[in-house]
Amino acid sequence: MPDLKKYWDDVHTIETGLPEFVWLMSLQNPAKGQVGGRISQVSAQVAARLIHAKSHRIAAEEETQAHLAEQEQQKREAFRQRLQRQGIAWVPVNDKPR
């Protein structure tokens with residue numbers, strides 16, 4: 001039987017070293033059918049359990065920034081498509097002086 005007190009002590013130790021919210025990257029584990037390379041933001045409590053289980057790692061700053069930039073691009077594209085469905089043309093304007 002696993003030592004639950006040690007498990008929760010380990011998880012709590014990991015959690016105390018984390019900020020309130022953490023960006024995690026999933027790790028590939030074919031035995032469990034887990035696909036790696038997925039990024040998500042979770043609370044420190046959840047992050048500590050996933051890190052302890054070795055199913056995730058803390059995402060690098062570059063990975064986080066790339067993910068946020070991609071999300072922003074998707075939001076802009078969804079907004080443009082909503083306008084287009086309403087019959088509104090969206091034309092980007094370059095406001096930089098030449």
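Positive end of the dipole of the chain (Cβ unit charges, origin at the Cα centre): among Val93, Gln74, Gly17, the Cα lying farthest that way belongs to Val93. Each of Tyr7, Ser43, Gln84 was scored by the projection of its Cα onto the charge dipole of the chain, and the greatest displacement toward the positive side belongs to Gln84; charges sit on the C-beta of Lys, Arg, Asp and Glu.
Take each peptide in 21-29, 86-94, count the other Cβ atoms within 10 Å of every residue, and average; sorted highest first, the result is 21-29, 86-94.
Using C-alpha pairs below 8 Å separated by at least 6 residues, the relative contact order for the chain is 22 percent.
Taking 0.692 mPa s as the viscosity and 37 °C as the temperature, the Stokes-Einstein diffusion coefficient of segment 4-85 based on its alpha-carbon Kirkwood radius rounds to 227 µm²/s. Simple spin-label model, 7 Å along Cα-to-Cβ: Ala69 to Asn94 in nm? Going by the 7 Å Cα→Cβ label model, 2.0 nm. Label Ala31 and Thr13 with points 7 Å out from Cα along Cα→Cβ: what is the distance between them in nm? It is 2.3 nm.
Computed from the coordinates by the stated procedures, all read-outs in this text should not be read as laboratory data. Quick caveat, the model's predicted, so the values are computed rather than measured. FYI the Cβ positions are ideal-geometry reconstructions off the backbone, even for glycines, and counts take in every protein chain you see.
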